[in-house]
1. Only one of these is at pLDDT below 90, open to solvent by 40 Å² or more (accessible area, probe 1.4 Å) and assigned to a loop (DSSP other than H, G, I, E, B): 797, 706. Name it.
2. Can you find a residue that is at pLDDT below 90 and of a type in the set (Lys, Arg) anywhere in the stretch 723-739?
3. I'd like the full set of residues that are over 15 Å from residue 627 (Cβ atoms), part of a helix (DSSP H, G or I) and among the charged types (D, E, K, R), limited to the stretch 654-671.
4. Using beta carbons and a limit of 8 Å, which pairs, at least six apart or on different chains, have the first residue in the stretch 714-725 and open to solvent by less than 10 Å² (accessible area, probe 1.4 Å) and the second one in a helix (DSSP H, G or I) and among the polar types (S, T, N, Q)?
5. Do any helices (runs of 4 or more DSSP H) lying entirely in the stretch 541-606 carry at least 1 residues that are closer than 15 Å to residue 468 by Cβ and under 30 Å from the mean Cα position of the chain (by Cα), and which ones are they?
6. I'm checking my understanding of the structure. Among residues of the stretch 652-680 that are of a type in the set (Lys, Arg) and modelled with pLDDT of 90 or more, which one is surrounded by the fewest Cβ atoms within 10 Å (Cβ to Cβ)?
Amino acid sequence: MSAGNKGNKRSSRAIRPLTRILKARSKNKTGDLQLWQAFGGDTQRAEKVAIRWEKFESTIGFNIQKHINDYFSKVDINEAGKHKHTLEAKQEETSKQLQRFVTTNYEKFIHISNEIMDIEEDMAKLTNMLGNYKGIMKQLQNTSLDFSAFDNDGQNAAIASANVNGEMSVQDLCEEVGILVYQCKYKDAVQKVRIARDKVNSMSKTTETRELKALVQSQVREVVSALLGELRRARNSGSTGWGGGDLESVRIIRYLLDLDRDTEALEILLSTRSSALRTEVRSIKFQGDAAQYISSLSAVVFRGIALCIDEFREIFWEQQSGGKQMSFALAYGSAAAKATSKLSNLPRSNRRRIDSKISIHSPELVSTPKNTNPMMAAVVQWVIEELGEFVQRFNTQVSEARANFFHLGECLRSAFENCKRLDEKGLNLTFILARKLLPIVKQAIIRAMRHTVTQIKKSNGELKKETWLSKRLIIRESNKSGGKTKKDIKLTLSGIYLYNSVRTLLEGDLMLVIKEDVLPFSTNELYSTVAKNVVELLLDDVIMAQYRIAMKSLPLKDQAEHLSILANFQFLGADLLPRVERSLTKLFKRQAVHDVRNFDAKLGSLASGLRKFFCKTRAKLWAEDLKWTSEGNVQRYCKRFQGDEKYEREMEKKMLISEEYIMLVENCKKLMDDIATHLRDRAIPKILKDSFEHLLKLLSNSSHLKTLPLPKLGYKQLYLDISFFLKAADQFLSKNSLRYASSILMTARDAFANHSKQSPSGILNDKKFFDSRIRSQLETTVPLRKHIPTDRSVKTKKK
């Protein structure tokens, strides 16, 4: 037989190395040629071949010239002969070791080759015996014997008579099935099994019938096992992919369906298509563009799903519904209903909106399944699993590539465009795909916001570069009438970065993603992510970091820096938050009142607290500049005027405004300029009023003023200083400030009366004395109401 003849031939791969060795050894008459020499060929060839020392040195890493120089730098040149003999001895020893090593390895190789040849001979004999067995079985098939005369059982007699009439018995059919399976004739084997099964089913229920039925079932299992083994061999030989149709798998699936093994057939179909789909995916070339890769991936995956559904309809529904084409969407309705049940967690209005979209775009998803193939549930589960793998690859590409929102939008658009092409097949997966891709979009939004916060707060980020001096930022935008409006705001470097980042995110980046054609059924779910993270993670985190810096890290004397941080609070609240509210309303078609306005109230309270802190610190610094302490007041109002009457008259004539109060007014003018430069002009009255109120309150609450030993001239000097300050800052004084100033003068009057034992009445009646000196000082020191604040951030044009 052909099989036996093939078995007698020896493997050429096993004989070839042995033949080479034997031929080499036969040429040597003495037979002392070593195995490694026989395998390597003529050893004398090495002497005729020129040695390329450069290649030898680069390969081995041994430099001959360097070795000689190093060796003879330590040893006398006369020892060169001995060193040569030593190297030759080492060379000979190494050569012998290599010969022994190669000989041992090739002896093992020859032994293994002999074992392989013995195994091949045994396999050939076994093949010959099986061929002879098949020939004998065929001869027995053509022989029929009638034993009905010796059998009293009617059923056995019927079977025997069937054999006589030319019909094969169930046992013969089962034996024939075994032979056909061995010969890989699966089509004939399946037909024989079906004939045997029909015969058993037509028999009456007896003990022998049950035995025959068990025999048929065992043959069915044998055929199924053989078909699965054939499928594994076909897969190992190479995957054909979608283009080739994978005819071998389809043929095996049809055989399994003929054997009523629907479950195994469907598993093979789905697993085969999954493998083919993965092969197609691996063949996609990634050229660095995530959007291009996702576009190709989407086309491959959804085309593969559509092809699998077509094959399922063709193979399974031909078997179960007579080739009647049924709507896949009807069978898919139950799975879609499970996905739609997730809408119960949404608000009722949103749920009604999404339900209406589902019923409009795919009414078949909400219809009642009819004539549904019972195998469809497994197919739906397979489709959902393939979608899950697609989403994992999508997430890997988007996350690893750190895709921006433009590329993310392109990836989403291509995915849903390919997904919607399945609607032609009656397969609407848009809702489920949107549910699976929604966490990826949320993560991308959160990652973008965290990147902005990290960029601001990291060690070499915006806060590290911050000078805490605000800069003028001009915002130009179109108004409702079609014209252009210009708005000036003042922010520090980190404030400008935050302002631009939030505007870019809400007015640009998110517009590319939050669209119904890019990510359907997900607008309302993204609202909480965007609103919460913009307000809490982005704005709140950065604003609180600036607040802590202003309250704890910045020196109190850095007046411009504190005003710049206050400008961040006020301008972000006045300009950025309304933009955030408008952008959220435009994106999600709903009023973002709660989240934004709650933060607006928080930001307003933080700005108010920061302004109060600034005013208190100014008041403390001004009190220090005035030297409003026990020692300072004694020096200024007491010791200066101690002397006789002549000295007191001369001091009274020379009495002028104290320099500390003049410097206080000048510092207030500088503060006004800083407010105009780093904040805005409108904030000047409020800050000055609060600062003066805190200052006068601090001065009036000083305990040392009550025990101050004030003389008459000291009392007049104090009254003159306080009156000058009230006159210079008259428009920026509140009622509380005037009350605190009156309290200072009343305390000073009581201190004078207690110390001098004189009545203070009449001392301050000389109004002309005080007015002339105040008026004279105000001619050189401009009062605060006449001072025009200078905005140094505005560049003036040179004439």
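The values are calculated or read from the model by the stated rules, or taken from the named source; none is laboratory data. Only a predicted model underlies this, so the values are computations on that prediction, with no experimental measurement involved. Cβ placement follows ideal geometry from the backbone for every residue including glycine, while neighbour counts extend to all protein chains displayed. SASA here: full protein model, heavy atoms, side chains in, ligands and nucleic acids out. Shrake-Rupley method; radii C 1.70, N 1.55, O 1.52, S 1.80 Å.
1. 797
2. Taking every residue of the stretch 723-739 in turn, none turns out to be at pLDDT below 90 and of a type in the set (Lys, Arg).
3. Within the stretch 654-671, 666, 669, 670 qualify.
4. 724/777
5. On the way: elements: 541-548, 559-571, 577-588.
The helices (runs of 4 or more DSSP H) meeting that bar are 541-548.
6. Only one residue fits best here, namely 670.
Yes/no per residue for (1) at pLDDT 75 or above; (2) within 29 Å of residue 231 (Cβ to Cβ); (3) within 37 Å of the chain's Cα centre (by Cα):
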site: 281; (1), (2), (3): yes, yes, yes
site: 285; (1), (2), (3): yes, no, yes
site: 288; (1), (2), (3): yes, no, yes
site: 292; (1), (2), (3): yes, no, yes
site: 301; (1), (2), (3): yes, yes, yes
site: 306; (1), (2), (3): yes, yes, yes
site: 320; (1), (2), (3): no, yes, no
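Let's see how each residue does on (1) touching a Ser or Thr at 6+ places or on another chain (Cβ under 7 Å); (2) under 30 Å from residue 492 (Cβ atoms); (3) not basic (Lys, Arg):
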{"residue": "654", "(1), (2), (3)": "no, no, no"}
{"residue": "672", "(1), (2), (3)": "no, yes, yes"}
{"residue": "686", "(1), (2), (3)": "no, yes, no"}
{"residue": "712", "(1), (2), (3)": "yes, no, no"}
